[in-house]
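Student: Pasting in a structure now, in C-alpha cells, and then I'll have a few things to ask.
The values are calculated or read from the model by the stated rules, or taken from the named source; none is laboratory data. These figures come from a predicted structure and were not determined experimentally. Cβ atoms come from the backbone with ideal geometry, glycine included; neighbour counts cover every protein chain shown. Surface areas here come from the heavy atoms of the whole protein model, side chains and all, with no ligands, DNA or RNA. Shrake-Rupley method; radii C 1.70, N 1.55, O 1.52, S 1.80 Å.
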Amino acid sequence: MKTVTRFAPSPTGNLHIGSARTALFNWLFAKNTKGKFLLRIEDTDKVRSTKDSINKILEGLKWLDLKWDDEIIYQSKNQKRHNEVAEDLLKNGLAYKCFCSEEELKNMREEAKILKKPFRYNRMWRDRDLKDAPKNIDPVIRIKSPIDGESNIDDIIQGSIKVSNEEMDDFIIVRSDGTPTYMLSVVVDDHDMNVTHIVRGHDHLTNTFRQNVIYNAMNWNVPKSAHIPLILGPDGSKMSKRHGAIDVEEYKNNGILSDALINYMLRLGWSHGDDEIISLENAIKWFSLEKIGKSPAKFDNDKLISVNSHYIKELDNNKIISFLENYYNKKYKIELDKISINRLNLGLDDIKTRSRDLNQLAEMALFYCSKFPITVSKKADKYIKKVDKNTFKDLLIVLKNIENDFKKQKIEQIIAKFLSEKGLKLSDIIQYIRAMITGLDVSPRIYDIMEVLGFEEIKKRIEYFING
RNA sequence: GACCCCUUCGUCUAGCGGUUAGGACUCAAGAUUUUCAUUCUUGCAACACGGGUUCGAGUCCCGUAGGGGUCACCA
C-alpha cells in the first residue's frame, strides 16, 4: 500500500521551527517510501485562523522546498462531512447529545479540583432520556468512550503505551453551535485522505487515545502513528520568543540558508551514524521513522551557524549574487551593475569562507559594489583617521607602474619592495590600505582584493581619503 | 495535582550485554597567516542517582530524582 503522510498546521501564526521539522519528517518519510505528502490546513477555529497565517505557512514550506502533493485541503470545507459522521455515530448509539449547562460543568470542574483529580465529564447524559432535555440549552454531541479496561497504542517512535480508560471521558465531537471539533475533524479527514502514517509532535500523543475512540466507533482502520519529540529552548523549557528566533521566516531573515536549516533540523532527533552534513538525496535515502530518538532536543544556535557556514561555502555564486541584488537594493538602494557583478564573481569565494550567514556575507562583500564613496565602518574609520598620507601618495605612484599588469603576485612584490625602500613593515600599512579600499577592518587578503578592484578603483578610493 | 513520555560530554548524538564509551558543535592550546576567517594538530569534557538480573550493564528490570507533554464547546 502506498504511504500517505500529511502535515496539518493550524493557521494561527507563522511557521514554527517545530512544525517545520514535523513537515520535514513527514516529507522525508513520504519520499523515502515513494508515497505522498499531503498538506491540510486546519482552519476550523474561525476566530484565530487568518489568511495571513496561511500565506506565511505556505511561504515557509516553499522556502524550505518541502513540496506537497495534490491540492491543499482546507479542513473548514469538510465540515459537512464531519457532521455527517457525527450524525452517523448518533444514529448508531455510539454518541449522544449532552444538555449539560455551564453551571453543571463548572461544578464538575470544581469538584475535580477539590479531589485533586483532572476534570472529567461525568457522562450524565450518556444514557439519559432525551425527554428530560431542557429546551433552553443547545446540546453538544459527545462520543461514548469505553468506561473500563485499558487502551493502548503502538507508536513507531514511542513504542507501546497503555492507558487506563478511566483516564478518558466522553469528549465533545460537535459543539453546541453545530460545528465539529478538532478531535472529530482530524479523524474524518485523515481517514478520507487515506493517511497511512500520522507523523506529528509529541504534544499530540494523548490525543491519539481519544481519536482512536472515534476510529473504533466508525470501524475504520487506525493509521500508524509516530510522535516526534519536541524541540526545546536552550534552557530546556518550551521553545518560545525569548529564546530568539522560532519561526522559519526569522531564520531566513537572519541569513540562514534553507538547506542548512533542513540539515540542522534533520539532525535534531534523528541521526545516521556519524554523519553531520547530509545531502537531501541521502536524507531521503537514509530516513526512517524508527531511527528518530525519543528524547526532546534542545535548540543549539551555534551548531546551526556552523552548519550554515558550511552550506554558504558550497553555495553557488549566482545564487549569492541574486540574493545580494535584493539585499543591497533594500538596505542601501544600490543596484548591482555589470562591474559589481564581475567583481563579485571574482571575489566571492574569499568572502564565503569568512561568512557565518548571508547577511554577514552581504556586509562583507559590499565594498565590491561600485558605489562611491564607499561606506566606512567605525573600526575602519579609526585607521583612516591615522593614515600617513604621504606614504600612500608614494605607494600609489609605485602601483601605477604596474597598472597594466595589476596581478596579485605583482602587487605583492611591488609593495614588498616599496616597504623595504621606505624601511617599513607590512603591518605599518596593511590595515590602513584595508580600511581605505574596503571600508572595513576585516576582509579577504589585500592583494586579492586589489587585483579584483583594479588600479583605477583603488587609486580613486585611496585618494578620496588622503586628499580629503 | 492526575496520567503519559524522556534522561550518554555544556549542546546534538553514536552505541543495540564484553568498546581505551566514538563523532559533530562550543571552548582551550598550537601550526599556517596580512586583518578576519578557512584549513590542519592536539586537548578539556558524559553514561542522573540507588537497587537488582548477569560471569559481565551505558545497554535488561524496579525504584528515586530531574525534565517535558497532556488534562477546553483551541487545534
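Student: I'd like the full set of residues that are under 41 Å from the mean Cα position of the chain (by Cα) and more than 9 Å from RNA strand B (Cβ to nearest atom), limited to segment A:114-141.
Tutor: Listed by number, the list holds a single entry, A:Ile141.
Student: Return yes when A:Lys285 is open to solvent by 70 Å² or more (accessible area, probe 1.4 Å), part of a helix (DSSP H, G or I), out of contact with any Asp or Glu (no Cβ under 7 Å at 6 or more places or on another chain) and not assigned by TED's automatic domain parsing to the domain that holds A:Ala30 and no when it is not.
Tutor: no
Student: Give the residues of segment A:100-124 that are part of a loop (DSSP other than H, G, I, E, B) and farther than 18 Å from A:Asp177 by Cα, sorted by residue number.
Tutor: A:Leu115, A:Lys116, A:Lys117, A:Pro118, A:Phe119, A:Arg120, A:Tyr121, A:Asn122, A:Arg123, A:Met124
Student: Here's another thing I want to ask about it. Given the options A:Asn342, A:Asn308, A:Asn301, name the one that is more than 16 Å from RNA strand B (Cβ to nearest atom) and either without any contact (Cβ under 8 Å) to a residue 12 or more places away in the chain or within 30 Å of A:Asp203 (Cβ to Cβ) (or both).
Tutor: A:Asn342
Student: Residues of segment A:347-381 being under 16 Å from A:Ile449 (Cα atoms) and of a type in the set (Phe, Trp, Tyr), which ones?
Tutor: Listed by number, the residues that qualify are A:Phe367, A:Tyr368.
Student: Answer with yes or no whether A:Arg434 is surrounded by fewer than 15 Cβ atoms within 10 Å (Cβ to Cβ), within 10 Å of RNA strand B (Cβ to nearest atom), outside the structural domain of A:Ile351 (by TED's automatic domain parsing) and within 24 Å of A:Ile339 (Cβ to Cβ).
Tutor: no
Student: Can you find a residue that is of a type in the set (Val, Ile, Thr), assigned by TED's automatic domain parsing to the domain that holds A:Thr12 and open to solvent by 30 Å² or more (accessible area, probe 1.4 Å) anywhere in segment A:267-279?
Tutor: yes
Student: For segment A:132-248, which strands (runs of 3 or more DSSP E) that fit wholly inside it have 1 or more residues that are open to solvent by 10 Å² or more (accessible area, probe 1.4 Å), more than 30 Å from A:Lys303 (Cβ to Cβ) and touching a residue at least 12 places away in the same chain (Cβ under 8 Å)?
Tutor: A:140-143, A:150-155, A:159-164, A:172-174, A:224-228
Student: Now a separate question. Limited to segment A:311-333, what total is found for residues that are within 16 Å of RNA strand B (Cβ to nearest atom), touching a residue at least 12 places away in the same chain (Cβ under 8 Å) and either surrounded by fewer than 17 Cβ atoms within 10 Å (Cβ to Cβ) or in a loop (DSSP other than H, G, I, E, B) (or both)?
Tutor: Number of matching residues: 2.
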